[in-house]
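Following: one structure in structure tokens, then a few remarks.
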Amino acid sequence: MVLNVTSQAGETIRQLHQRLVDNVGSEQVAQAIEGGVALFILLLILIYLGGRFSKSARRRRSSGRRFRELARVNRLPAGERQLLLAMARHLELDEPGLIFVRRSLFETAAREGGFKEDRVDVLRRELFS
């Protein structure tokens, strides 16, 4: 099966190459275009991988995992998790989980963020009572 898929892919690539040659009128120009496209795709892959596995991306993912773990331990429903995340974003926290453990951050976000007071009060009672 894999051999069949590979041969079909190879045939499709040969057909695309031939169409390109027919359109541009030169084998060398077609190969140059194909090489440029391949380099462009490789560059996009490298940019993606660089962003995906950079230190800052790993830090963001791990801080998100810590936030989700704290939300799970505190048994927060989805709506309250979203409110707490919005509060952390309002404060531009790199580590949103800090809003669970530093009441002063929570209170600052509640006061300055323009969030619905009744929802903030419920969340305050759940986290800090």
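The values are calculated or read from the model by the stated rules, or taken from the named source; none is laboratory data. The structure displayed is predicted, hence computed values, not measured ones. Glycine gets a Cβ as well: all are built from the backbone with ideal geometry, and neighbour counts include every protein chain shown. Surface accessibility is based on the protein's heavy atoms, side chains included, excluding ligands, DNA and RNA. Shrake-Rupley method; radii C 1.70, N 1.55, O 1.52, S 1.80 Å.
Is the C-alpha gyration tensor of the range 1-52 telling us rounded, prolate or oblate? Criteria: a/c under 1.5 is rounded; beyond that, a/b larger than b/c is prolate, otherwise oblate.
Oblate shape, in that a/c is at least 1.5 and b/c is the bigger or equal ratio.
Report the label-to-label distance for THR12 and GLU107 in nanometres (one decimal), using points 7 Å from each Cα along the Cα→Cβ vector.
In this crude spin-label approximation the distance works out to 6.2 nm.
Given PHE100, SER54, LEU43, which one lies farthest toward the positive end of the charge dipole of the chain, if we put +1 on the Cβ of every Lys and Arg and -1 on the Cβ of every Asp and Glu?
Going by the charge dipole, the pick is PHE100.
Leaving out ligands and nucleic acids, note down the accessible area per residue over the range 1-107 with a 1.4 angstrom probe, in whole Å².
Counting only protein heavy atoms, the per-residue value for the range 1-107 is 74 Å².
Measure off, as a whole percent, the carbon and sulfur share of the 1.4 Å-probe accessible area of the chain, all protein chains present.
Using a 1.4 Å probe with all protein chains present, the chain comes out at 59 percent carbon and sulfur.
Taking 0.36 nm per residue of separation and subtracting the Cα-Cα distance, what length does fully extending ILE41 through ARG68 add?
This chain segment gains 6.2 nm when fully extended.
Counting pairwise Cα distances across the range 46-99, what percent come out greater than 13 angstrom?
61 percent
So, with +1 on the Cβ of K and R and -1 on the Cβ of D and E, and no other charges, what is the size of the charge dipole of the chain about its Cα centre, to the nearest 20 debye?
Values: 22 positive and 15 negative charges, 164 e Å.
The dipole of the chain has a size of about 780 debye.
Which order do the peptides 112-125, 44-57, 75-88 take when ranked by the mean count of other beta-carbon atoms within 10 Å per residue, highest first?
Highest mean packing first, the order is 75-88, 112-125, 44-57.
Which listed residue (PHE128, GLN82, GLY114) has the Cα farthest towards the positive end of the charge dipole for the range 77-129, taking +1 on Lys and Arg C-beta and -1 on Asp and Glu C-beta about the Cα centre?
PHE128
Compute the long axis of helix 78-90 from its Cα atoms, compare it with the longest principal axis of the Cα atoms of the chain, and write down the angle in degrees, 0 to 90, nearest 10.
Between helix and principal axis, roughly 90 degrees.
For Cα extents along the principal axes in Å, one of (1) 43, 28, 25; (2) 74, 34, 27; (3) 139, 47, 7 was computed from the structure I shared and the rest are decoys. Which label?
The value computed from this structure is option (2).
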